[in-house]
């Protein structure tokens, strides 16, 4: 497949990028209280990314269709928004759930991660959705190691989500990452005939952005008129967790875990 394995020096640069992403997500998670506009999170994230000597992977990212490039440094997706929510004037309130997706390039290498947090006291079912999605990412991290097929990772994620009564988004998937945000591999969070035909054998040196997106209701999604914001077809809530990880000799290393603290996803 021509997958580019990373050297130790390249992994070190990805760790540095991962620390910037982790710091941004950590601050945004603590900042996520009632009354903030989603653009307030964008402003703070852009400031932190610049202070870290990095650039956003998302800002000015070209649209795959006819729409304009992505206009912000991060994605902020609220409640029924699955991914690619554009920061703006929407105000988050008590009981909302908010997904932050942050990606940066630092010294030529990338890292990408996401976390979903509740604003104040969310409903028990929304909190369960968040925890199930967090656990789905943790299951992937526990399973990733050399010699394992990606279908085994995806199968464990999908089974767990279904057992919990939720659904896995199938239109958007994870990806390999390195010098570019999207490298060769597409990493679904579910098992499909296409994956089984072209399965991926994990090897040391692979670097992957693993990102389960889990919906409370249907797996189906719509795209809003802005051409970017993805929402659930039934407008029920969705949650999103992501880490950039490296396949290493003895398993999996999370590159976007905040040093010295528990990570936001795995």
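If you build a Gaussian network model of the chain, linking Cα atoms that sit under 10 Å apart, which residue out of 63, 182, 240 swings the most? Maximum among the listed residues: 63.
Exposure proxy for 172, 241: other Cβ atoms within 10 Å of each Cβ, ordered fewest to most, give 172, 241. Under the simplified labelling scheme, the residue 123-residue 222 pair shows an inter-label distance of 1.9 nm, with each label point 7 Å from Cα along Cα→Cβ. Among 134-145, 92-103, sorting by the average number of other beta carbon atoms lying within 10 angstrom of each residue, highest first, gives 92-103, 134-145. Neighbour counting of Cβ atoms within 10 Å sorts the residues 257, 220, fewest neighbours leading, into 220, 257.
With a ≥ b ≥ c the root eigenvalues of the C-alpha gyration tensor of the range 185-261, is it rounded (a/c under 1.5), prolate (a/b larger than b/c) or oblate? It is oblate, given that a/c is not under 1.5 and a/b is not larger than b/c. For the chain, modelled as a GNM whose springs connect Cα atoms under 10 angstrom apart, the maximal fluctuation among 116, 89, 232 occurs at 89. Note on residue 59 and residue 186: with the Förster distance fixed at 25 Å, the Cβ-Cβ geometry gives a FRET efficiency of about 0.60. Ordering 64, 70 from the fewest to the most neighbouring beta carbons within 10 Å gives 64, 70. Spatial offset of the range 187-266 relative to the range 1-66 amounts to 16 Å, using the alpha carbon center of each.
Give me the number: length gained by fully extending residue 248 to residue 162, i.e. 0.36 nm times residue separation minus the C-alpha to C-alpha distance, one decimal in nm. Mind showing how you got there, number by number?
Values: separation 86, 0.36 × 86 = 30.96 nm, distance 2.92 nm.
So the chain would gain 28.0 nm between residue 248 and residue 162.
For the pair residue 172 and residue 30, label points projected 7 Å from Cα toward Cβ lie 2.7 nm apart. Comparing the range 138-266 with the 2.2 N^0.38 Å rule of thumb, its C-alpha radius of gyration ratio is 1.07 (two decimals).
Extending 7 Å from the Cα toward the beta-carbon at both residue 142 and residue 4 defines two label points whose distance is 3.4 nm.
First check a/c for the range 70-146, with a ≥ b ≥ c the square roots of the eigenvalues of its C-alpha gyration tensor; if it is under 1.5, answer rounded, and if not, answer prolate when a/b is larger than b/c or oblate otherwise. Write down the numbers at each step before the final one.
Numbers: a/c = 2.99, a/b = 1.13, b/c = 2.64.
Judged from the Cα gyration tensor, the range 70-146 comes out oblate (a/c at least 1.5, b/c at or above a/b).
Using C-alpha pairs below 8 Å separated by at least 6 residues, the relative contact order for the chain is 24 percent.
Where a number appears in this text, it was derived from the coordinates with a stated rule and is not lab data. Here the structure is a predicted model, which is why all the values come from computation and not from measurement. Cβ: placed from backbone, ideal geometry, glycine included. Neighbour counts: every protein chain shown.
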